[in-house]
Amino acid sequence: MVLEKNHIFLNQQPDTKENVIRRIGAIFTSEGYTNEEYTQAMLEKEKIFNTYMGNFVALPHGVEEAKKEIKKTGIVLITVPDGQDWGAAEKPKVIIGIAAVGNEHLEVLSKIALSFSDADGIDRLLSMTEDEISAMFEG
């Protein structure tokens, strides 16, 4: 699983949750990871289930039925040091959009869980460069 450097957006300003998801979806669509319908599926997922996972991390992804809209696995990582309103008790500082073919999302999720299992992991990530973050996801 590779996190491409052009899919890492550091030190972003808070926006609406919907705009953040639309931005992730636009990246996936424009670079051939998904069809446009996948963006809508990510927005639908948030209505059903808030993708805030705790520990200042949100993992927006599409509903199960949208798997057919994914052409190849990709991730987009956005950091918002001031916190992004996500409709949860805590505001995530790291938002990782996921589009994964088949069961590849399980690998993506386990890598994320291991990397960000504590607040120190989030603090480390917030101080890293695009190169360092990309290398961490390759490792």
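Any read-out appearing in this document is the output of simple, stated calculations on the displayed coordinates, not a laboratory observation. Predicted, not measured: the structure shown is a model, and the values here were computed from it. Reconstructed Cβ throughout: ideal geometry from the backbone, glycine too, with neighbour counts over all protein chains shown.
With all distinct Cα pairs included, what does the Kirkwood hydrodynamic radius of the range 24-66 come out to in Å, to one decimal, could you say?
After inverting the mean inverse Cα-Cα distance, the result is 10.7 Å.
Tell me what the chain gives for mean residue ellipticity at 222 nm when only DSSP H runs of n ≥ 4 count, each as -39,500 (n - 2.57), the sum divided by the residue total, rounded to 500 deg cm²/dmol.
One gets -12000 deg cm²/dmol as the mean residue ellipticity at 222 nm.
Could you tell me the center-to-center distance, by alpha carbons, between the range 52-102 and the range 116-139 in angstrom?
The range 52-102 and the range 116-139 have Cα centres spaced 16 Å from each other.
In what order do VAL63, VAL80 fall by count of nearby beta-carbon atoms within 10 Å, going from fewest to most?
On the way: VAL63 17, VAL80 24.
Going from sparsest to densest Cβ surroundings: VAL63, VAL80.
Compute the Rg/Rh shape ratio of the chain: radius of gyration over Kirkwood radius, all on alpha-carbon atoms.
Checking Rg against Rh, the ratio lands at 0.92.
Could you pull the Rg and Dmax for the range 51-124, using just the Cα atoms, both in Å?
Gyration radius and largest Cα-Cα distance of the range 51-124: 12.6, 36 Å.
With point charges of +1 on the Cβ of Lys and Arg and -1 on the Cβ of Asp and Glu, referenced to the Cα centre of the range 5-138, which listed residue (GLY25, ASN50, LEU114) lies farthest in the positive direction of the dipole?
So the residue we want is GLY25.
If each residue's Cβ is checked for other Cβ atoms within 10 Å, how do LYS71, LYS93 rank with the fewest at the top? Display every interim value, and only then the final one.
On the way: LYS71 16, LYS93 21.
With the sparsest Cβ surroundings first, the list reads LYS71, LYS93.
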